[in-house]
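Below: the structure, in structure tokens.
The values are calculated or read from the model by the stated rules, or taken from the named source; none is laboratory data. The structure displayed is predicted, hence computed values, not measured ones. All Cβ positions, even for glycine, are placed from backbone atoms using ideal geometry, and neighbour counts span all protein chains on display. The area values use the complete protein model at the heavy-atom level, side chains included, leaving out ligands, DNA and RNA. Shrake-Rupley method; radii C 1.70, N 1.55, O 1.52, S 1.80 Å.
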Amino acid sequence: MNVDTKKVENILNGFKNRRIITIGDAMLDEYIWGRVNRISPEAPVPVVDVQTSSLRMGGAANVAWNLKKLGAEPLLVSVVGEDDTAKKLHELLSEEKISSEYITVDFTRPTTLKTRIIAHHQQVVRVDRESKDDINEDVSREVLKKFNNSLKKADGVIISDYGKGLVTQQLVQEVVRICRENRKFVAVDPKEKHFQYYRGVSVITPNVKETENALNIRISTEKGLEEAGWEMLRQLEAENILITRGEKGMSLFQNNGEYYYLPTVAKEVFDVTGAGDTVVASFSLAATSGASFFEAAYISNHAAGIVVGEIGTAATTRNKLFEHICEEDD
């Protein structure tokens with residue numbers, strides 16, 4: 001089931017007028033690229049000869065970057081430490097013209113840094129430097145204050161939960177309550193251990209593993225996945241559940257009883273890192289730009305199909321997205 005390309009074009013054109021809040025765990029992604037030619041004599045591990053390295057925005061910051069690349073104005077509400085990692089993250093945000101106005105500094109915690117070492121297009125190891133402790137009440141109040149200030153400008157909200165301490169139960173429930181009172185679209189890219197926090201949102205975008213862990217089940221069949229989707233929709237009283245399924249595409253469950261399966265449109269799959277960020281960003285933009293929820297899922301499926309063809313966190317543009325959709329429809 002495709003969407004008329006003229007309708008898609010109108011939806012995508014609406015992206016440039018949207019302001020979307022991303023509230024959640026911002027982080028810095030470091031990539032170290034190299035080659036492996038030998039095994040260490042000290043232990044049975046590969047020796048990576050480093051050739052180059054790069055820094056990218058991760059977590060909620062990557063969602064904001066995806067929104068920016070698609071033509072929208074992201075309003076990033078997050079927490080960082082007072083450290084060199086935060087400085088580098090601010091520099092990347094500035095380069096992309098993403099405001100740091102709504103970021104709170106927590107002097108008691110480090111800024112999350114994930115270092116991935118990659119050799120011959122394959123990840124060898126990942127090193128995480130972070131705190132997963134919940135933010136304290138003072139920081140939480142400051143985050144909510146900045147969220148409320150940014151909401152006046154916003155068309156919708158994305159909660160980007162990476163389980164690093166910002167997304168507490170109290171904070172989520174307050175954000176969702178405020179969004180419902182103000183009739184704002186609210187999406188969640190979830191962490192499975194927090195699923196019961198997300199009641200009443202517009203859409204939740206778990207992958208299959210997160211769905212299994214949230215419901216404490218094992219999904220091995222198409223029927224099992226559909227049963228899981230309906231059960232999650234019932235438990236969370238959400239408007240939509242969009243389960244991302246990697247090379248199998250995605251499945252959309254709606255509270256009006258409708259179900260859609262969208263097969264993948266990816267030409268090649270190199271790396272799914274950050275694909276969930278792309279899905280929730282593009283879905284939210286489409287849903288706040290006149291798309292039905294099915295049309296939003298259709299557009300986000302194409303956006304994901306583009307970024308999984310690249311290594312590392314990636315984003316696409318409105319023009320590339322439209323071209324990809326038109327190619328598929330030919």
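Here are a few things to note about the model shown:
- Centre separation in Å (Cα based) which lies between region 167-205 and region 1-36: 20 Å
- Prolate/oblate/rounded call for the chain, Cα gyration tensor, a/c under 1.5 rounded: rounded
- The chain - share of DSSP beta bridges that are antiparallel (%, nearest 5): 50 percent
- Protection proxy ranking, highest mean first, for peptides 7-17, 278-288: 278-288, 7-17, where packing is the per-residue count of other beta-carbon atoms within 10 Å, averaged.
- Pairwise label distance in nanometres, Lys16 with Arg218, each label 7 Å out on the Cα-Cβ vector: 5.2 nm
- Straight-line cross-link partners of Lys7 among the lysines, defined as a Cα under 27 Å from its Cα and at least 8 positions apart when in the same chain: Lys16, Lys68, Lys69, Lys153, Lys184, Lys248, Lys267, Lys320.
- Solvent exposure of Trp230, expressed as accessible area, is near 90 Å², computed with a probe of 1.4 Å over the protein chains only.
- Using θ = phi - 60° and Karplus 6.51 cos²θ - 1.76 cosθ + 1.60, couplings along region 230-240 (whole Hz; Gly, Pro as x): 5, 5, 5, 4, 5, 4, 9, 6, 8, 6, 8
- 5 angstrom amide H check on Val188, placed H, neighbours 5+ away: Ile159, Val203, Ile204, Thr205
- Probe 1.4 Å, accessible area per residue of region 103-175, Å²: 50 Å²
- Solvent-accessible area of region 21-103 (1.4 angstrom probe, protein heavy atoms only): carbon and sulfur portion equals 47 percent.
- Net dipole in debye of region 110-250 [+1 Lys, Arg Cβ; -1 Asp, Glu Cβ; about Cα centre; nearest 20]: 360 debye
- Surface analysis of region 176-245 yields an accessible area of 49 Å² per residue, using protein heavy atoms and a 1.4 Å probe.
- Sequence ranges 296-303, 244-251, ranked by mean other-Cβ count within 10 angstrom, highest first: 296-303, 244-251
- As an equivalent ellipsoid, region 164-323 spans semi-axes of 23, 19, 16 angstrom, where each value is the square root of five times an eigenvalue of the C-alpha gyration tensor, largest first.
- Average accessible surface area per residue within region 32-88, 1.4 Å rolling probe, Å²: 48 Å²
- The alpha-carbon of Lys193 sits under 21 angstrom from the alpha-carbons of these lysines, leaving out residues fewer than 8 places away in its chain: Lys114, Lys132, Lys164, Lys209.
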